[in-house]
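Okay, structure first, notes after.
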Amino acid sequence: MDERVLIRQLKDKDFQGLESLIEFYGASILRTVHGILNQGTEKNHWPDLENEIFYEIWQKIHQYDEKKSSFATWVLMIARSRCIDKKRQLKKEQTQQPLEMINQTLIEDPLAKEDFLYLIDVLNETDQKIFVLHYFYQLTPQEIASSVGLETSAIYNHLSRGRTKLKKVLQERMMGREI
């Protein structure tokens, strides 16, 4: 099939163009997805991500400019970008998981509040206050910033560094070692 015909069909929202896209570029897109999302649980996201890529191409076809790149390059750059975004999202979710487990435990078991307070004891006094206000009293970073006299960006930094430290503590405790 002529690439120009394929592009015209996609721009006209002709489903034959989508079928041709899958037929001619599907294998390359799948190789890109499988190559970037190649770690254990990332593989579970392959089918959804593949569909998202085809949908994004379908939606953005009017942005394609043949003067800037070949159609194959444009398609694979969309696939690559979407894969990298997904990988980052999954990594971010993975790093936040221990604190989400803490929050869920606090909701399910009121006695777990003591465990939360024991856990954040490894943080400095300012970070402890920020964590209690954010995770226990559910205040926003903006509310905490005005309460403790810091900039909102500083609150985000304290929360981020504290989560990193708590994640390390949780991992060490799960491995049977105490700090």
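Among the candidates 60, 67, 91, 86, single out the residue that is modelled with pLDDT under 85 and either out of contact with any His (no Cβ under 6 Å at 6 or more places or on another chain) or of a type outside the set (Phe, Trp, Tyr) (or both).
On the way: 60 fails: modelled with pLDDT under 85; 67 fails: modelled with pLDDT under 85; 86 fails: modelled with pLDDT under 85.
One residue alone meets the criteria, 91.
If I ask for residues that are of a type in the set (Val, Ile, Thr) and modelled with pLDDT under 90, which ones from segment 153-179 would you list?
Within segment 153-179, 164, 169, 179 qualify.
How many residues are part of a helix (DSSP H, G or I), open to solvent by less than 60 Å² (accessible area, probe 1.4 Å) and either free of Cβ contacts under 8 Å to residues at least 12 places away in the same chain or in contact with a Cys (Cβ under 7 Å, 6 or more places away or on another chain) (or both) when one looks only at segment 41-68?
Restricting attention to segment 41-68, the residues satisfying the condition of being part of a helix (DSSP H, G or I) are 41-63.
Add one more test, that the residue is open to solvent by less than 60 Å² (accessible area, probe 1.4 Å), and what stays is 42, 45-46, 49-50, 53-54, 56-58, 61.
With either free of Cβ contacts under 8 Å to residues at least 12 places away in the same chain or in contact with a Cys (Cβ under 7 Å, 6 or more places away or on another chain) (or both) added as a condition, the list becomes 49.
Result for segment 41-68: 1.
Out of the residues in segment 62-96 meeting the condition of being among the aliphatic types (A, V, I, L, M) and under 25 Å from the mean Cα position of the chain (by Cα), tell me which one is nearest to residue 14 (Cα to Cα).
To start, the set of residues in segment 62-96 that are among the aliphatic types (A, V, I, L, M) comprises 72, 75-79, 84, 90.
Cutting the leftovers down to under 25 Å from the mean Cα position of the chain (by Cα) gives us 75-79, 84, 90.
Details: 75: 18, 76: 21, 77: 23, 78: 20, 79: 21, 84: 29, 90: 33 Å.
Residue satisfying both the conditions and the ranking: 75.
Considering only segment 133-170, state which residues are farther than 18 Å from residue 93 by Cα, open to solvent by 30 Å² or more (accessible area, probe 1.4 Å), assigned to a helix (DSSP H, G or I) and of a type in the set (A, V, I, L, M).
Listed by number, the list holds a single entry, 148.
The values are calculated or read from the model by the stated rules, or taken from the named source; none is laboratory data. Keep in mind the model is a prediction, meaning the values are calculated, not measured. In this analysis, Cβ positions are derived from the backbone assuming ideal geometry, glycine residues included, and neighbour counts consider all displayed protein chains. Please note that ligands, DNA and RNA were not included when accessible areas were found on the heavy atoms of the full protein model with its side chains. Shrake-Rupley method; radii C 1.70, N 1.55, O 1.52, S 1.80 Å.
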